[in-house]
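Visitor: Take this structure, written in structure tokens, and hold onto it; I'll ask about it next.
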Amino acid sequence: MNVVNNPRRSQLFAQEPSLQEKADLAALFKISAEARQALIESLPPQVARDPRNESEFAHVVPTASMEEPSVLEGAWRALLRFQEQLQRPDNHDDVDAWLSDLGPTLRGFKIDSQTFVSTLNGLMRAMLRTAYAAGVLPVLNAFAATVELRAVQGLTYQSGQDIDSYVPDLVDLVPIVSLAIGVDTGRDLRFQTDLGQLRSLIDRLRATLKDGEALAEIANALRSADEESSAETQEY
């Protein structure tokens, strides 16, 4: 009897997934739908760093605090693989091709095909929203901060003064915060601030976040209404 092997349809899974890739895929669908959505919404605009780096997803763990960190890490890696493939200039993959190639793996892990399709479609919608949100301005892709104490001097050394007679006059210490903000054009912004300015900046950012969340609620309501309308149209 001749055995016919179905040819693989996707670039991403042109070969049988490795054990790690299968485990990461299982992790993606082991976590809750809410945690999965939190990870999708927190993906970086471009996959430019090691997807195994735990720090990449650390900031979304509080949203999914009930999940095991190791499982979240696997889910994060799985999403990054799909995202990286979709961002390739020569990409020809789509959800149907992945579903075809991963069928046995999905069945082995008892992953519902509709949940798989819904999740990957959600990933592509999130990537599309991110692309439109980026617009034409540079996009934030890195942030770092350090805190140090800086000496306050009373009497300072004056030019021409006898260096042997100079005695440092340190009268106080002040905390200083140094910030580095990176954007995708490579033109980083580096500056320092005192604690008062930092508090003011944080308050403004928190207010801006609240404004953004209010707009997101409106967008979600409009999206839900549109989906309900489409579903009702299909019923008729």
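Any read-out appearing in this document is the output of simple, stated calculations on the displayed coordinates, not a laboratory observation. Since the structure is predicted, the reported quantities are computational estimates derived from the model, not experimental observations. Cβ sites come from the backbone with ideal geometry, for glycine too, and all protein chains shown count toward neighbours.
Visitor: Would you mind computing, in nm to one decimal, how far apart the modelled labels at Ala14 and Ile181 are, each placed 7 Å from Cα along Cα→Cβ?
Guide: In this crude spin-label approximation the distance works out to 4.1 nm.
Visitor: Fewest first, what order do Arg187, Arg129 take by the number of other Cβ atoms within 10 Å? Don't skip to the end; give the middle numbers.
Guide: On the way: Arg187 8, Arg129 12.
By the 10 Å Cβ count, ascending, the order reads Arg187, Arg129.
Visitor: Further question on the same structure: Residue by residue through the stretch 148-165, what is 3J(HN,Hα) from phi via Karplus (6.51 cos²θ - 1.76 cosθ + 1.60, θ = phi - 60°)? Round to whole Hz and write x for glycine and proline.
Guide: Residue by residue, the stretch 148-165 yields 9, 9, 10, 6, 9, 9, x, 8, 10, 5, 10, 4, x, 5, 5, 5, 5, 8 Hz.
Visitor: Something else: What is the stretch 174-224 by shape, rounded, prolate or oblate, if you read a ≥ b ≥ c off the alpha carbon gyration tensor as root eigenvalues and call it rounded for a/c under 1.5, prolate for a/b larger than b/c, and oblate otherwise? Mind dumping the intermediate values first?
Guide: Numbers: a/c = 6.28, a/b = 1.79, b/c = 3.50.
Verdict is oblate for the stretch 174-224.
Visitor: Using DSSP to call loops (not H, G, I, E or B), can you name the chymotrypsin sites (Phe, Trp or Tyr not before Pro) in the stretch 115-222 whose Cβ has at most 15 other Cβ atoms within 10 angstrom? Don't jump to the answer; show the numbers that get you there.
Guide: Working: sites: Phe116, Tyr132, Phe143, Tyr157, Tyr166, Phe191; in loops: Tyr157, Tyr166.
For chymotrypsin sites (Phe, Trp or Tyr not before Pro) across the stretch 115-222 that sit outside H, G, I, E and B with at most 15 neighbouring Cβ atoms in 10 Å, the list reads Tyr157, Tyr166.
Visitor: Assuming a ≥ b ≥ c are the square roots of the Cα gyration tensor eigenvalues, decide whether the stretch 86-209 counts as rounded (a/c under 1.5), prolate (otherwise, with a/b larger than b/c) or oblate.
Guide: On the way: a/c = 3.49, a/b = 3.46, b/c = 1.01.
Prolate is the answer for the stretch 86-209, as a/c is 1.5 or above and a/b outweighs b/c.
Visitor: Taking amide hydrogens as modeled 1.01 Å from N in the peptide plane, which residues meet the under 5 Å criterion relative to Val139, leaving out close sequence neighbours?
Guide: Asp184, Thr185
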